[in-house]
Structure formats: structure tokens, C-alpha cells
Amino acid sequence: MNVFHLSAECYPVAKVGGLADVVGALPKYLHKKIGQASVVMPKYANEWIAEHTFETVLKGTAPLGDWQFEFTIQREVDGILGFPLYVVDIPGRFDRPGIYTDAETGSSYWDDFERFASFQIAVLDWMNGMEEKPDIIHCHDHHTGLVPFMMTQCYRYMDLKHIPTALTVHNAEYHGSYSHEKSHKLPQFDERNFGLLDWDGQLNCLAAGLKTCWQITTVSKSYMKELSYNSNGLEWLFQNEQQKSRGIINGIDTEVWNPKTDSMIAHSYDKRKMAEGKRKNKKVLCEQFGLDPQYPTISFIGRLVHEKGADLLPDLFQTFLESEQSVNFVVLGTGDRELHHQFEAMNNRFVGYFDATLDYNESLAHQIYAGSDFMIMPSRVEPCGLNQMYCMRYGTVPVVRNIGGLKDTVKDIALDGGYGITFNDFALSPAREAVQRAIDLFQDGRTMAGIRKRIMNLDFSWNASAKKYITMYDELIEQ
């Protein structure tokens, strides 16, 4: 079986969020089990790509409306990711420092549609000419949502029409919506089928993919259910497409996320030496930020955006920082500029108890997972969530809102066999109660140690999830 994953992100090549982690791990496990699983993504002007060697597979030109653009398909030579990696080089479109936004302004690029449309067209032109075509084309999020549409509707790609397509929705908050006028930039198709592109008066890339792909997946069963009543305007469409939809929980790459072999943390440890390893790494983390390691340390890692619930954090943390309780809070992430300002003010105000690093820093993230006592995720929307799995892998107890994939992966300590702290409503009061429960748990050293051992024994690897994807691929090929 030969599966091609099409994505805007792939760890460690280019990462903004969890999409990159999934696309950087799932193909590795599939490649071991089914023979061939590759990733195709844009060629960005970033450090990782500059430091690795690529060979040219194909040079070509393709249409984007009335304009012909040049593209080059290149393959990473050394195969260091554990699967074949292909990048699409389109001069003037992706040779920029940011993936989705301008690094200086934080704004989306003016040619967002043209960037990803040309990427998808170039990929399909390449596949059009292959002697041995893929068995499955697996698309990820709206950046590749036009691929199923073009494969089934554009005359240029009729030779690809028989290839099954799967579209995984990692985050339905983002649709890739544009003016109808953009449709003329796609290869010619029967205008009577224009409705496949339309949603609510816009050209909607995610909606087009959902309507025309063979299989819809999302990254947890609970999120699949939630999309039918909360998907930023696509609720009816998800309801209508239920017969071809399924939720498959993400896994994590246990080779990357392993405290025993992790070179990014100060002190390696395993389940047997968990207590000592956590203590040493917490000491390093607290020394770095001027915090006292005797106090419970609660961290947040992620994008400082609405769907992550990051706007709840300043008030939530200050509730405790202004009280007589002794507790440390650590934040790592970037996003909303107003939140940046609030956290910077808190850095100055709560010296010795709070630190916010407003940056993307992969190595620091690993140290925070290893050195923290708790990891908080107050998400409004969380399709799957990976941070809760990462932190448990490192013996850090998750404090999460009971939604989406968090609901599927974290069981409250009040329940039999529970190992995390959960709360239901997105509001200050229940979040504050959850944090207080964490602080109280920290004071109960024996119970805390037992929960740490329990979560480090949980299996969140890709093995089980990869098998479910393989079963799905087999079913699609049989169709």
C-alpha cells in the first residue's frame, strides 16, 4: 500500500501546532507497517529545510487561472524522518519565514489562497504523471481540502478520480474561506457543480473537501460528535456527512517524547526513577525562571489564542498569585498581542512566582513537561490535544477542560482509576476549583506519586491508532 499525506506542516520540518506532530509521526508508524507512507508539504524558507539536502524529482509548470507558475518537487535525501519527505518549491509563494502569517506583523499573507491552491495543483500535476499512482491520498485540514474536489471535478485530473481520498480535520475553526472570484484560478471544471465549492456564499476549502472526499476523519471520537453542533458554521455539513465520518484518536511519537532518551531535558529518567528525575528537572526549570521548587508548579504550553482558552489564564493565575497560597505558574507560547502585554506585566509584578516566555521554543517545552507538576489546558475547543499526552509521558498531571480529545484521554481522579483533573464549563470559577484541586493534590505526596506512576504507564503511542488508519485505508481500497 502506498499512502501520500498532504499537509502544510510536519514536525520537525515546519510546526505551528499539533497538526505538525501528527503528520510527523503517523507516517513513520504507517511506513513500518504498510510499506510506503510519504509526506508532501510546501518548501518553506526555514532553518530545518536549509540544513538538509534535497534532490529534484520533477520540474514542471501548472496553471493558476490565466497564469502559469513553475514548481519543483524535491525529496529529502537522507530519509532521516523515517518516511519519504517531499517538498514543493514554488518561487515567490513559500520562500518566506512564516508558515501562515507574516512573522513581523502576525497577519495572514495577502496571497493565502494562491499559495495553497498552487501547492495543491502542483502536487496533483505531479501525481498525474506518475506511472504508479498512490493507493490513498490523505489530506490534512483546509490547506489541502481542494485536492478531493479537484480530483473528482477538474477535467485536468480525471486520471486520479479513482484514487480514494481521506480528509482529516484537525481543527474545524479554520475553513479557508475566500471570495467566489478565486474559483477561476482552479483548473477547469463543470460550472454546474460550483455548489461543491460554496458554503455560506464563500469558496470554502474545508467544506469542498468534506463534500468530495471519500472519508472524513477527525482526531478523537468526542470531537467528531462535537463538530455536528460546534464547527464554526459547518454544523449541518458534518451532520449530513456522518455516514462517511469517523473519529480516530491521535497518538504521540514515543521515540521523540521519551524522558529516558530525551536530549532536550536536563536529566533523563524512566518510570523506575520518576521521583528523582522529576525533582531534578523541576529544580533546573525553577532555577531558570527564579521560582521556588518547593511550591507546586503549574504550566501552560500552547498558542495564546481563543480556542485554547488562553484568555482565561491571566485572571485565573492572578487569583492564586494574589492570594496567600504559594504556587508557581509558567507559560510558554505566542499568539494574541493583548495576552502578550498582560503576561509581560505579570512577569514584572509576580517575580519569583510567575514566568511567561512569549516564544516558540521546542527544547524549553520539553524541559517544562519534565519539570512541571501540572499542565493546564482550559481549551474552548480541543479536537484531540497532544500536550496532555506529552505531559503524562513525563509524569506531569494534566488539568484539563472536559471537551474533545481531552475528554477521551484524561480521566478525573475522583473516578475509579482516574489520573487527571478535569472541569466542565469554560469559566473562571470551575477552572479555579480545578487548580485548587491540583494544589491540594500536590500537598498529598503519596497520592501524587501514585498518580505520576499511573500516568507514566499509560500507552498513548501511535501503534493502536495507526492500526485503525490501516483498517480504514483497506476499506477505502475495497470500495
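The values are calculated or read from the model by the stated rules, or taken from the named source; none is laboratory data. Predicted, not measured: the structure shown is a model, and the values here were computed from it. Cβ placement follows ideal geometry from the backbone for every residue including glycine, while neighbour counts extend to all protein chains displayed.
Only one residue in D412, D440, D459 is modelled with pLDDT under 95 and more than 17 Å from the chain's Cα centre (by Cα), so which one is that?
D459
Do we have V330 as at negative phi, in the same structural domain as F426 (by TED's automatic domain parsing), at pLDDT 95 or above and aliphatic (A, V, I, L, M) here?
Spelling it out, V330 is indeed at negative phi, in the same structural domain as F426 (by TED's automatic domain parsing), at pLDDT 95 or above and aliphatic (A, V, I, L, M).
crowded, with 17+ Cβ neighbours inside 10 Å, touching a residue at least 12 places away in the same chain (Cβ under 8 Å), out of contact with any Pro (no Cβ under 6 Å at 6 or more places or on another chain) and among the hydrophobic types (A, V, I, L, M, F, W, C): is that true of A431 in this structure?
So A431 does not fit the description; no.
Yes or no: D89 surrounded by 20 or more Cβ atoms within 10 Å (Cβ to Cβ) and of a type in the set (D, E)?
For D89, the condition - surrounded by 20 or more Cβ atoms within 10 Å (Cβ to Cβ) and of a type in the set (D, E) - is met.
Are any of the residues in region 389-405 of a type in the set (S, T, N, Q) and within 19 Å of K271 (Cβ to Cβ)? Talk me through it step by step, then tell me what you get.
So the first thing to find is which residues in region 389-405 are of a type in the set (S, T, N, Q), and the list is 396, 402.
Checking the rest, the ones that are also within 19 Å of K271 (Cβ to Cβ) come to 396.
Looking through region 389-405, at least one residue is of a type in the set (S, T, N, Q) and within 19 Å of K271 (Cβ to Cβ).
Looking only at region 311-326, decide whether some residue is closer than 24 Å to F460 by Cβ and either touching a Lys or Arg at 6+ places or on another chain (Cβ under 8 Å) or outside the structural domain of G106 (by TED's automatic domain parsing) (or both).
Checking region 311-326: not a single residue is closer than 24 Å to F460 by Cβ and either touching a Lys or Arg at 6+ places or on another chain (Cβ under 8 Å) or outside the structural domain of G106 (by TED's automatic domain parsing) (or both).
Would you check if there is a residue in region 194-208 being over 27 Å from S179 (Cα atoms), in a loop (DSSP other than H, G, I, E, B) and not β-branched (V, I, T)?
No, every residue in region 194-208 fails to be over 27 Å from S179 (Cα atoms), in a loop (DSSP other than H, G, I, E, B) and not β-branched (V, I, T).
In region 1-50, what residues are basic (K, R) and either at pLDDT 95 or above or in contact with a Gly (Cβ under 7 Å, 6 or more places away or on another chain) (or both)?
K28, K43, listed by residue number.
In region 348-386, how many residues are more than 19 Å from V284 (Cα to Cα) and polar (S, T, N, Q)?
Residues that pass the stated criteria total 2.
Give region 228-249 a look and list any residue that's surrounded by 17 or more Cβ atoms within 10 Å (Cβ to Cβ), of a type in the set (F, W, Y) and free of Cβ contacts under 8 Å to residues at least 24 places away in the same chain, or say none.
If the condition is that a residue be surrounded by 17 or more Cβ atoms within 10 Å (Cβ to Cβ), of a type in the set (F, W, Y) and free of Cβ contacts under 8 Å to residues at least 24 places away in the same chain, then no residue fits.
Please state which one of G277, G302, G290 is surrounded by fewer than 22 Cβ atoms within 10 Å (Cβ to Cβ) and small (G, A, S).
Exactly one of G277, G302, G290 is surrounded by fewer than 22 Cβ atoms within 10 Å (Cβ to Cβ) and small (G, A, S), namely G290.
Does region 305-323 hold any residues that are among the charged types (D, E, K, R) and either surrounded by 15 or more Cβ atoms within 10 Å (Cβ to Cβ) or not in a helix (DSSP H, G or I) (or both), and which are they?
Answer for region 305-323, where residues must be among the charged types (D, E, K, R) and either surrounded by 15 or more Cβ atoms within 10 Å (Cβ to Cβ) or not in a helix (DSSP H, G or I) (or both): E307, K308, D311, E322.
Here are some residues: Q294, Q239. Which one is at negative phi and assigned by TED's automatic domain parsing to the domain that holds A449?
Within the list Q294, Q239, the selection yields Q294.
Residue-by-condition table, conditions (1) in contact (Cβ under 8 Å) with a residue 60 or more places away in the chain; (2) surrounded by 20 or more Cβ atoms within 10 Å (Cβ to Cβ):
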{"residue": "Q325", "(1), (2)": "yes, no"}
{"residue": "V330", "(1), (2)": "no, yes"}
{"residue": "G335", "(1), (2)": "no, no"}
{"residue": "A365", "(1), (2)": "yes, no"}
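Is it the case, given these coordinates, that D89 is charged (D, E, K, R), touching a strand residue (DSSP E or B) at 6+ places or on another chain (Cβ under 6 Å) and touching a residue at least 24 places away in the same chain (Cβ under 8 Å)?
Values: charged (D, E, K, R): yes; touching a strand residue (DSSP E or B) at 6+ places or on another chain (Cβ under 6 Å): yes; touching a residue at least 24 places away in the same chain (Cβ under 8 Å): yes.
When the stated conditions are applied, D89 passes them.
Which count do you get for residues in region 94-123 that are without any contact (Cβ under 8 Å) to a residue 24 or more places away in the chain and in a loop (DSSP other than H, G, I, E, B)?
9
Helices (runs of 4 or more DSSP H) wholly in region 345-461 with at least 1 residues that are of a type outside the set (A, V, I, L, M) and farther than 25 Å from T254 by Cα - which ones? Even if it seems obvious, please write down each step before you answer.
On the way: elements: 362-371, 387-393, 404-409, 428-443, 445-456.
The helices (runs of 4 or more DSSP H) meeting that bar are 428-443, 445-456.
Being in contact with a Pro (Cβ under 9 Å, 6 or more places away or on another chain) and on the phi < 0 side of the Ramachandran plot narrows it down to one residue among Y29, Y44; which is it?
On the way: Y29 fails: in contact with a Pro (Cβ under 9 Å, 6 or more places away or on another chain).
Going through Y29, Y44 in turn, the sole match is Y44.
On the given criteria, is L30 surrounded by 16 or more Cβ atoms within 10 Å (Cβ to Cβ) and out of contact with any helix residue (DSSP H, G or I) (no Cβ under 7 Å at 6 or more places or on another chain)? Spell out the reasoning first.
Values: surrounded by 16 or more Cβ atoms within 10 Å (Cβ to Cβ): yes; out of contact with any helix residue (DSSP H, G or I) (no Cβ under 7 Å at 6 or more places or on another chain): no.
Taking the combined requirement at face value, the residue does not satisfy it.
For A466, state whether it is crowded, with 18+ Cβ neighbours inside 10 Å, modelled with pLDDT under 95 and part of a helix (DSSP H, G or I). I'd like the intermediate steps shown before the answer.
Numbers: crowded, with 18+ Cβ neighbours inside 10 Å: yes; modelled with pLDDT under 95: yes; part of a helix (DSSP H, G or I): yes.
So A466 passes the test.
Within region 256-292, can you find the residues that are charged (D, E, K, R) and farther than 13 Å from H366 by Cα?
D270, K271, R272, K273, E276, R279, K280, K283, E287, D292
Could you tell me whether region 417-424 includes any residue that is modelled with pLDDT under 95 and over 18 Å from G17 (Cβ atoms)? Give the steps one after another, and end with the answer.
The initial filter retains those residues of region 417-424 that are modelled with pLDDT under 95, namely 417.
Keeping just the survivors that are over 18 Å from G17 (Cβ atoms) gives 417.
Yes, the conditions are met somewhere in region 417-424.
Any chance region 232-243 includes a residue that's touching a Pro at 6+ places or on another chain (Cβ under 7 Å) and of a type in the set (A, V, I, L, M, F, W, C)?
No, region 232-243 has no match at all.
Among the candidates E181, E131, single out the residue that is charged (D, E, K, R) and in a loop (DSSP other than H, G, I, E, B).
Working: E181 fails: in a loop (DSSP other than H, G, I, E, B).
Sole residue among the options that is charged (D, E, K, R) and in a loop (DSSP other than H, G, I, E, B): E131.
So which residues in region 90-141 are more than 20 Å from the chain's Cα centre (by Cα), β-branched (V, I, T) and at pLDDT 95 or above, if there are any at all?
I90, I121, V123, I136
For every residue, the table says whether it meets (1) part of a helix (DSSP H, G or I); (2) within 26 Å of S379 (Cα to Cα); (3) among the basic types (K, R).
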{"site": "N281", "(1), (2), (3)": "yes, no, no"}
{"site": "L285", "(1), (2), (3)": "yes, yes, no"}
{"site": "Q288", "(1), (2), (3)": "yes, no, no"}
{"site": "Q294", "(1), (2), (3)": "no, no, no"}
